[in-house]
Ligand code: BTN
């Protein structure tokens, strides 16, 4: 990542702190430490690689050199983490669209999908400090050409830039700008989210109270919760994940 280029693309957000490094453990950890210590907000942390990238549900996020890894620390004044995740997904898609990157889609709640494979994800973490409510929204996109580890092959894939010249700094900057613009308008972004979410209208497998269930995804509420019709009635999923059934009966 070229920090100078990133700052230039973000010049229309004058108060934004921008910190760009070749390698970190996790940009989310860096952003959380900054916010906890009372650093100025909003602040954006980006890195070329992460040595301990974090994913949702306690998973790790493989972060080889050349990908796109960044976290935005913001004062969120009561906005729910679920809304921040959906806003980040919408912002990444709008940024990709505006660069002409072949269509990205969303798999509820935080997966960025292209051509049926995961190309990125979002991890939102809240923290309360200094009497102000803050959150860190981390976005990771397999935007480089590095080979993914064996456990991800077949599931994840590198971003296809199409005819757009690969420009990670521009993609990160546009995503952050869309997020900052969208924040005061939450949940106005949800119509876009629903329009680009692959999960709607599909059969999904999910876990509730320790049991596996399946159901038809019938809606996504404005706060990001997933609504499913199951054999036992309606279910509302606020966290966790919902794997989607494919034509051959497998789930992804
Ligand atoms: C997921 O797919 O489960 C979420 C992945 C989120 C990864 C990003 S990369 C930038 C930021 N730093 C982290 O450690 N995680 C997020």
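Using only Cα atoms, tell me the angle between helix 168-182 and the longest principal axis of the chain; keep it within 0 to 90° and round to the nearest 10. That helix lies at roughly 70 degrees to the long axis. Among beta bridges from DSSP that stay inside the range 1-126, the antiparallel ones total about 65%.
Give me 236, 16, 221, 57 sorted ascending by neighbouring Cβ count inside 10 Å, so fewest comes first. Intermediate values should be presented prior to the final figure.
On the way: 236 11, 16 20, 221 14, 57 8.
Placing the least packed residue first, the sequence is 57, 236, 221, 16.
Please give the direction-averaged projected area of the C-alpha convex hull for the chain, in square nanometres with one decimal. Here the figure is 13.5 nm², rounded to one decimal.
Over the residues of the chain, the helix contribution to mean residue ellipticity at 222 nm works out to -7000 deg cm²/dmol, using -39500 (n - 2.57) for each DSSP H run of at least 4. Between residue 234 and residue 222, the contour length at 0.36 nm per residue exceeds the Cα-Cα span by 2.6 nm. Beta-bridge orientation, the chain: approximately 85 percent antiparallel, per DSSP, counting only bridges with both partners inside. Sorting 77, 125, 247 by the number of Cβ atoms found within 10 Å of their own Cβ, with the fewest placed first, yields 247, 77, 125. Using the Cβ-Cβ distance between residue 133 and residue 211 with R0 set to 30 Å, the FRET efficiency works out to roughly 0.30.
Using the number of other C-beta atoms within 10 angstrom as an exposure proxy, rank 133, 250, 26 with the fewest first. Write down the numbers at each step before the final one.
Values: 133 15, 250 9, 26 23.
Fewest to most other Cβ atoms nearby, the residues stand as 250, 133, 26.
In degrees between 0 and 90, to the nearest 10, how far off the longest principal axis of the chain does helix 27-36 point, with axes built from Cα atoms? Rounded to the nearest ten degrees, it is 70.
Coordinate-derived values only; no laboratory data. The model shown is predicted, which means the values in this text are computed figures rather than measured ones. FYI the Cβ positions are ideal-geometry reconstructions off the backbone, even for glycines, and counts take in every protein chain you see.
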